[in-house]
4 protein chains.
Amino acid sequence: MTEPVGTEEGRAITAFSARLHIPIQLRWGDLDAFNHVNNTSMLKLLEEARVRAFWRPDEGEEALSTAILDSGIDAGVITLVARQEIEYVAPVPYQRRPLEVQMWFGKLGGSSIEVCYEVYNDPSFEERVLYARSTAIIVLVNPATGRPTRITPEMRAVWAPYTGAPIVFAHG
Amino acid sequence: MTEPVGTEEGRAITAFSARLHIPIQLRWGDLDAFNHVNNTSMLKLLEEARVRAFWRPDEGEEALSTAILDSGIDAGVITLVARQEIEYVAPVPYQRRPLEVQMWFGKLGGSSIEVCYEVYNDPSFEERVLYARSTAIIVLVNPATGRPTRITPEMRAVWAPYTGAPIVFAHG
Amino acid sequence: MTEPVGTEEGRAITAFSARLHIPIQLRWGDLDAFNHVNNTSMLKLLEEARVRAFWRPDEGEEALSTAILDSGIDAGVITLVARQEIEYVAPVPYQRRPLEVQMWFGKLGGSSIEVCYEVYNDPSFEERVLYARSTAIIVLVNPATGRPTRITPEMRAVWAPYTGAPIVFAHG
Amino acid sequence: MTEPVGTEEGRAITAFSARLHIPIQLRWGDLDAFNHVNNTSMLKLLEEARVRAFWRPDEGEEALSTAILDSGIDAGVITLVARQEIEYVAPVPYQRRPLEVQMWFGKLGGSSIEVCYEVYNDPSFEERVLYARSTAIIVLVNPATGRPTRITPEMRAVWAPYTGAPIVFAHG
């Protein structure tokens, strides 16, 4: 179980689900001319966290137990982002320590999943900072047919413990 | 006034606002290992459309009349993306002709704007394809103080004709 | 025939070489935190120029007569960069007009080609600026075997008119 | 002292210098449509290795003793790549373990340095693979004047132990 990291209202609702914690190394090249991590680079970091959390590693590579998705054109399944929402809470300066991407499932559907993210600085920092929150709807697709393909019972069993309340964004 | 580009339900609601049409060149490097334009690359394209549509050009450069924002650390204003939502409607293959990014304002606030986007293939294609729809909340910020700064009357006057109905995404 | 490119003088006179001229749109996102086009972004621009100059377009797309290479995993040939050298002559600021990438062949080998590049600002600028010079050794490879594959007589015939003197870089 | 990592001729000459070893995390997004790390992404990795090896860390961050360069527009010095050469020895597949970038100085000049790189897979792999070799000429520049600025005696003292034989590339 994950403890609430702060007292902010919006975060409290997601604080009681089990989360994955994925460290992702920043690059100075992620900065833009405003000297902050570019907002599109942030999505690159979330993409990498997703790959590490859910895709099956090559033989001999270590990965989380949730990494059981055989993704690839050759594997018969690719994962497409159908929709993504992201809220940038604070500008991200360059830092050598990896960012910590916390992830959980807002929903496990038939052939799609809702992945929820919160991006923090490294746990070793005395003061934790929440940089961004995001939700992505990922669809499993058969690359040959272009049609959705179903989440297997194995995936569902392994991923279910990481299901939690979805992020609620303010709209309008 | 912009004519409806298609008959699709979801688009109809945005079809009656005046829109900016910005051609943005794809790069083969925008593709990922699935041989489609990567979803984060799409946000890069929207970023570039936004810069071309709203930032004041250098002396001697041509730009739309809406390009009146003096953005830059030196200029005293930077534009930060506070929130962005994007729906990927169809995979984007590499193509030499530029994509056409259509833009309008969903809302002109005090120090923030809601920019709406629809991304199509080039008008010269016989069959138009809608690839993505997105909404971004952009905040004008003073880089020295980190505080929001107000949209000027000049900006408001120039941008107002491009205000239209915001995109309505399905949630949940 | 191409004049020697090696001296300062010789560079200014590009009119005597048969060169391809490829306009490539910059993106604000190509800048880094130093507010210049990042040096690795420049290679991205050269990559895109190469694709547009040499890869066969999809049906219905327009391209130069030199664009006859069926590149792609499915096409049976991929192009790998075996070596690249680049000299950054002047920092590149963001600009709306496309950069002009001038290209020619320094050498047409058995299964590899040496591509030479010079990157300028747009011809519509009163003062032309040379931003970078580069040479890339490109190898045609069969993706199934990983082995080099030979340049066809058709390619050689079409590309030969654009053969010129290779760029001479100072070393050491 | 660094032991020779392999028996290859070309590498032997650089095997006796002290080297820095910088682990750099790959991203799936570094791959291109050929399903290999894109050649321009490789330069991004080298850029990041350089930043981590030579730029002074923020207070509280750990870094190598060679990281003493106060780089940044505000710091009064920026580092520009004047020239870079890279040889791609083997295609790089996606891997979770970081790549190991080995670095040393081929030359410490007045206001420029020659940085040499070799990129390997992680030392934990049973079989080490050399993926790329590169040399970059980096110039220290005062961003206010655009003029080169001199390497300080402190830098020279700290960096000198990592001076070694430059990489010799085959040309022509």
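Taken over the range D:125-148, the residue count meeting the criterion of being at pLDDT below 95 and of a type in the set (S, T, Y) is 1. Is there a residue in the range A:23-41 that is under 14 Å from A:V115 (Cα atoms), under 18 Å from the mean Cα position of the chain (by Cα) and not aromatic (F, W, Y)? The answer is no, given that none of the residues of the range A:23-41 is under 14 Å from A:V115 (Cα atoms), under 18 Å from the mean Cα position of the chain (by Cα) and not aromatic (F, W, Y).
If we keep just the residues of the range C:59-99 that are among the polar types (S, T, N, Q) and facing chain D (nearest Cβ under 10 Å), which is surrounded by the fewest Cβ atoms within 10 Å (Cβ to Cβ)? Once the filter is applied, the top-ranked residue is C:S71.
Conditions tested, residue by residue: (1) under 28 Å from D:P91 (Cβ atoms); (2) over 15 Å from the mean Cα position of the chain (by Cα).
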| position | (1), (2) |
| --- | --- |
| C:F125 | no, yes |
| C:T135 | yes, no |
| C:I138 | yes, no |
| C:T145 | yes, yes |
| C:I151 | yes, yes |
| C:P161 | no, yes |
| C:G164 | no, no |
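The set of residues in the range D:100-117 being surrounded by fewer than 24 Cβ atoms within 10 Å (Cβ to Cβ) and hydroxyl-bearing (S, T, Y) consists of D:S111, D:S112.
Looking only at the range C:75-90, which residues are assigned to a strand (DSSP E or B) and over 16 Å from C:I113 (Cα atoms)? Explain how you work it out, then say what you get.
We begin by selecting, within the range C:75-90, every residue assigned to a strand (DSSP E or B); these are C:77-88.
Within the range C:75-90, C:I86, C:E87, C:Y88 meet the criteria.
Inside the range B:55-82, residues that are of a type outside the set (V, I, T), on the phi < 0 side of the Ramachandran plot and either in contact (Cβ under 8 Å) with a residue 40 or more places away in the chain or touching a His at 6+ places or on another chain (Cβ under 9 Å) (or both) make up a count of 5.
Being within 12 Å of another protein chain (Cβ to nearest Cβ), closer than 30 Å to A:D58 by Cβ and more than 12 Å from the chain's Cα centre (by Cα), is that true of even one residue in the range D:108-122?
Going residue by residue through the range D:108-122, those that are within 12 Å of another protein chain (Cβ to nearest Cβ) are D:109, D:114, D:121-122.
If we keep only those that are closer than 30 Å to A:D58 by Cβ too, we end up with D:121-122.
Okay, now just the ones that are also more than 12 Å from the chain's Cα centre (by Cα), so D:121-122.
Yes, because at least one residue in the range D:108-122 is within 12 Å of another protein chain (Cβ to nearest Cβ), closer than 30 Å to A:D58 by Cβ and more than 12 Å from the chain's Cα centre (by Cα).
Residue count for the range A:37-53, restricted to those that are touching a residue at least 24 places away in the same chain (Cβ under 8 Å) and of a type outside the set (D, E, K, R): 8. Only residues that are among the acidic types (D, E) and away from chain A (no Cβ under 14 Å) were counted in the range C:26-58, giving 3. Return the residue satisfying two criteria in turn: it lies in the range B:123-172 and is hydroxyl-bearing (S, T, Y) and part of a strand (DSSP E or B), and of such residues it is farthest from the other protein chains (Cβ to nearest Cβ). Among those residues, the one meeting the criterion is B:T163.
Out of curiosity, is A:Y94 among the aromatic types (F, W, Y) and within 17 Å of the chain's Cα centre (by Cα)? No; evaluated as a whole, the condition is false for this residue. Scanning the range C:24-70 for residues that are more than 22 Å from B:R52 (Cβ to Cβ), among the polar types (S, T, N, Q) and assigned to a loop (DSSP other than H, G, I, E, B) yields C:S65, C:T66. If only residues of the range A:1-23 that are hydrophobic (A, V, I, L, M, F, W, C) and either farther than 25 Å from A:K107 by Cβ or assigned to a loop (DSSP other than H, G, I, E, B) (or both) are counted, the one that is modelled with the highest pLDDT is A:A18. Residue count for the range A:127-172 satisfying the condition of being within 30 Å of D:E59 (Cα to Cα), exposed (fewer than 15 other Cβ atoms within 10 Å of the Cβ) and basic (K, R): 1. Of the residues making up the range B:91-111, those that are in a strand (DSSP E or B) and out of contact with any Lys or Arg (no Cβ under 7 Å at 6 or more places or on another chain) number 6.
Every listed requirement among (1) aromatic (F, W, Y); (2) under 24 Å from D:V168 (Cα atoms); (3) crowded, with 21+ Cβ neighbours inside 10 Å is met by D:Y120 save one, (3).
Pairs linking a residue in the range D:144-165 that is free of Cβ contacts under 8 Å to residues at least 12 places away in the same chain and more than 17 Å from D:K107 (Cβ to Cβ) to a residue that is surrounded by 13 or more Cβ atoms within 10 Å (Cβ to Cβ) and of a type outside the set (S, T, N, Q), with Cβ atoms under 9 Å and 6 or more positions apart or on different chains, are D:G146/C:P91; D:R147/D:V141.
The values are calculated or read from the model by the stated rules, or taken from the named source; none is laboratory data. Note that this is a predicted model, so its numbers are computed, not measured. Please note: Cβ atoms are built from the backbone with ideal geometry, for glycine as well, and neighbour counts cover all protein chains shown.
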